[in-house]
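A short write-up of the structure that comes next.
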């Protein structure tokens, strides 16, 4: 049993807003849902599956009611920022099993307008909550150890932001459109050692949505055909404190599963959407996915290797979370959306990868240095 | 140093109550599995490695080395150092490094346990050894 080729992404929509104090979170979900449904050329009545995560106010049943959906399949898997990559895989499973035929996945929220509710705690709460783990310092701890073990430098990490900024200059909706240099990044204020302000992604209001459907329905619609051919998911945590190693992510397991299912290798990938909550997130994931050897990520990302038209692996050509958009502090959805644009040939002409027929969308959710999930999607233009 | 930072009191539960009772007496307890022999932290009743329920409490030395750390500078209560330290007995755990020069921390540095008070049981922290 495989999901290879069983599900197509027929509709996508990224909200153009980056600041939405005048809208409700549910409203943003509805607006991105409407955008994706219209992009697919469908109507709301066609939707028979709904997927959402922790950003959906109240969870699945209030959202299904609010949107006025009538569904026969729901999935509210919550794995932070990579929830939507997992939703794509789960939607493919549900479609392959006949549980639904047109699935809607939504993400939206407003962390720029106001503070987000606290993360739910697990059994570890009494033993960790007092120590003040945040996204910044949890990822900082990964970067610190990666530098110690492999000699990775701040300059190498900065190249990831530089590449994202080169792409963001062409995205009219990007929050940060200015092209920056390695020096700009390493001279920006230190936030949590060794991560500088420009090693960190933006905080934006907004959202995105996609429609996942059967091959038959996708072929009856007007959009270029983009399908999922491989998917993987995994989780990683300190696991009782045994053999702690913060230099790799759960992508080390989700990636090979997705590549194996797809029957392709990292060398075949023409475009990569890689979750960029921080520069270190990208570097570790590129290693874990097999684009280079463990420890060689610094060398791999340097000198513009991630810049479209310049380097060997064009990444996050919308400007990514580092420069364009990171709605609800969750980057998984926008990773899928830009990969679909690339495969459709709808990316900005200045960053569109020529003959882009195979792409990866990958991300993590939770805290990389504490507990996190990872999900990998391999997408193909048919 | 400024006024002592206020830390939240552990909620505790039946599975971890013994840890916090021992903490009040200044003892730092970890769990060892008598089936597979491995030690783990934070304490579970069932071993996270072999899933045996034959786990026992044992007192740890409080000696450790820094596995990694990050000095968080963007904090309303002032900079603080989050870290993972690896205990002499094996397991690594998340903590803060306190009461020493945080600008001079190094991976591999030796640290030792210090307790910080709360309104309930004290919490384990580490400082330069």
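Since every read-out is calculated from the coordinates, none of them should be taken as a lab result. Predicted model, so just to flag it, every value in this text is computed and none were measured. As a convention, Cβ positions derive from the backbone with ideal geometry for all residues, glycine included, and neighbour counts pool all protein chains shown.
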task = Report, in whole Å, the centroid distance computed from the Cα atoms of region B:6-51 and region A:170-204.
result = 41 Å
Length gained when the stretch residue A:1-residue A:354 is fully extended (0.36 nm per residue, less Cα-Cα span) = 123.8 nm
Cα-Cα separations in region A:98-214 greater than 24 Å, expressed as whole percent = 49 percent
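Classify region A:161-267: rounded, prolate or oblate, from the alpha-carbon gyration tensor (a ≥ b ≥ c, eigenvalue square roots; a/c under 1.5 rounded; otherwise prolate if a/b is larger than b/c)?
Oblate.
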message = Between residue B:9 and residue A:78, what is the label-point separation in nm under the 7 Å Cα-to-beta-carbon projection?
response = 2.8 nm
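Rounded to the nearest 5, what % of DSSP beta bridges with both residues in region B:17-128 are antiparallel? Mind showing how you got there, number by number?
Numbers: 30 of 31 bridges.
Here the share of antiparallel DSSP bridges comes out near 95 percent.
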query = So, in nm, how far is label residue B:51 from label residue A:216 when the simple model puts each one 7 Å beyond its Cα toward the Cβ?
reply = 4.1 nm
query = How would you rank A:367, A:225, A:246, A:195, going from fewest to most other Cβ atoms within 10 Å of each one's own Cβ?
reply = A:225, A:367, A:246, A:195
note = For the pair residue B:59 and residue A:184, the simple spin-label estimate (label points 7 Å beyond Cα toward Cβ) gives in nm 5.8 nm
task = Take the alpha-carbon centre of region A:41-57, take the same for region A:358-382, and report the distance between them in whole Å.
result = 21 Å
ask   = Sorted from fewest to most neighbouring beta carbons within 10 Å, what does the list A:73, A:326, A:196, A:167 look like?
value = A:73, A:196, A:326, A:167
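Expressed as cubic angstrom per residue, what is the convex hull volume of the alpha carbon set of region B:20-129? Let's see the in-between values first.
On the way: hull volume 12.3 nm³, N = 110.
So the per-residue Cα hull volume is 112 Å³.
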inquiry  = Could you tell me the center-to-center distance, by alpha carbons, between region B:86-106 and region A:239-269 in angstrom?
reply    = 29 Å
query = Quick one: what do you get for chain A if you divide its Cα Rg by 2.2 N^0.38 Å?
reply = 0.91
request  = May I ask for the angle, rounded to the nearest 10°, between helix A:279-289 and the longest principal axis of chain A, with both axes built from Cα atoms and the value confined to 0 to 90°?
outcome  = 70 degrees
Sequence of B:38, A:276 once ranked by neighbouring C-beta atoms within 10 Å, starting from the fewest = B:38, A:276
query = Efficiency by 1/(1 + (r/R0)^6): what FRET value for residue B:21 and residue A:61, r their Cβ-Cβ distance, R0 = 56 Å, to the nearest 0.05?
reply = 0.85
